[in-house]
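These notes concern the structure reproduced below.
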Amino acid sequence: MKKENRSVQRICEMLRRAYAKLILEKDAKKITVIDVADRAGLSRSTFYLHYEDINALKENVKANFEDRFNKCVDDASIDTLKVTPADILERFEQFFSESEDMCKWLLRTPHYADFLERMKKVFTKSICLSLERNGVPCTAEAAMLPYWLSACMSELYTRYLQEDVACTLQQINKKLLRLYHAEMEK
């Protein structure tokens, strides 16, 4: 039974990824079951074993993306006394890597700003808590660092999705952490 579940999960993930790639290429309203099945390397009958229609897949894609993002943010917020800015950036990097096509699609929608705000809020909170753990009260002046780094993160991640920077998320994160540590040493 578990093997069957893994197989179903794998096929559903293949179909979700195919849909995510297709929405970068054409209007979502014009994507058909045949388009998705072909892109996934599966038959239409396999598609229909897992989804009633293209709208069911579309809703599953959105729900899956939101669930994974919420889990990423929730995991980053669970043990805020121990989570570091490096931990948060690592989780964001993993999420973006696993969901790059959906993030690129989201970038084209009005919802992207809300998505970024949630990321910035979690990252800012982790920096403030890290400052406080290091004996620096998060006063108005000290709070400039978390807000500045969060703004840098959101801008760089956005430019990464737009393919406007010639570096990886890992390189972006390393640079952000170097800036953070340099400011902490002052």
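The values are calculated or read from the model by the stated rules, or taken from the named source; none is laboratory data. In this text, all values refer to a predicted model and were calculated from it rather than measured experimentally. Every residue, glycine as well, gets a Cβ built from its backbone with ideal geometry; the counts of neighbours run over all protein chains shown. These accessible areas exclude ligands, DNA and RNA; they are computed on the full protein's heavy atoms, side chains included. Shrake-Rupley method; radii C 1.70, N 1.55, O 1.52, S 1.80 Å.
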Log entry, pairs with first residue in region 151-163 being free of Cβ contacts under 8 Å to residues at least 24 places away in the same chain, second being assigned to a helix (DSSP H, G or I) and surrounded by 14 or more Cβ atoms within 10 Å (Cβ to Cβ), beta carbons closer than 7 Å, six or more apart or on different chains, reads Leu156/Ile172
Condition test on Asp35, is it under 19 Å from Trp105 (Cβ atoms), open to solvent by less than 50 Å² (accessible area, probe 1.4 Å) and either among the polar types (S, T, N, Q) or not in a loop (DSSP other than H, G, I, E, B) (or both)? yes
Which of (1) part of a helix (DSSP H, G or I); (2) more than 11 Å from the chain's Cα centre (by Cα) does Glu93 not meet, given it meets every other one? (2)
Can you name the condition, by its number, that Tyr48 falls short on among (1) at pLDDT below 90; (2) open to solvent by 50 Å² or more (accessible area, probe 1.4 Å); (3) among the aromatic types (Phe, Trp, Tyr)? (1)
Restricting the search to region 97-136, which residues are open to solvent by less than 80 Å² (accessible area, probe 1.4 Å), part of a helix (DSSP H, G or I), at pLDDT below 85 and not β-branched (Val, Ile, Thr)? Ser126, Cys128, Leu129, Ser130, Leu131
Being at pLDDT below 85 and either over 13 Å from the mean Cα position of the chain (by Cα) or buried (at least 18 other Cβ atoms within 10 Å of the Cβ) (or both) is true for just one of Asp27, Asp79. Which residue is that? Asp79
Filter region 154-186 for residues that are more than 19 Å from Trp105 (Cα to Cα) and either part of a loop (DSSP other than H, G, I, E, B) or within 15 Å of the chain's Cα centre (by Cα) (or both) and give the result. Ala166, Cys167, Gln170, Ile172, Asn173, Lys186
As an exercise: evaluate Thr139 against (1) over 30 Å from Tyr19 (Cβ atoms); (2) among the polar types (S, T, N, Q); (3) in a helix (DSSP H, G or I) and give the number of the one condition it does not meet. (3)
Here's a check for you: in region 140-153, which residue that is under 17 Å from the mean Cα position of the chain (by Cα) and open to solvent by less than 20 Å² (accessible area, probe 1.4 Å) is nearest to Leu129 (Cα to Cα)? Ser150
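Would you mention how many residues in region 157-169 are surrounded by fewer than 12 Cβ atoms within 10 Å (Cβ to Cβ) and at negative phi? Give the steps one after another, and end with the answer.
Let us first name the residues in region 157-169 that are surrounded by fewer than 12 Cβ atoms within 10 Å (Cβ to Cβ), namely 162-164, 166.
Restricting the remaining residues to those that are at negative phi gives 162, 164, 166.
Qualifying residue count for the region: 3.
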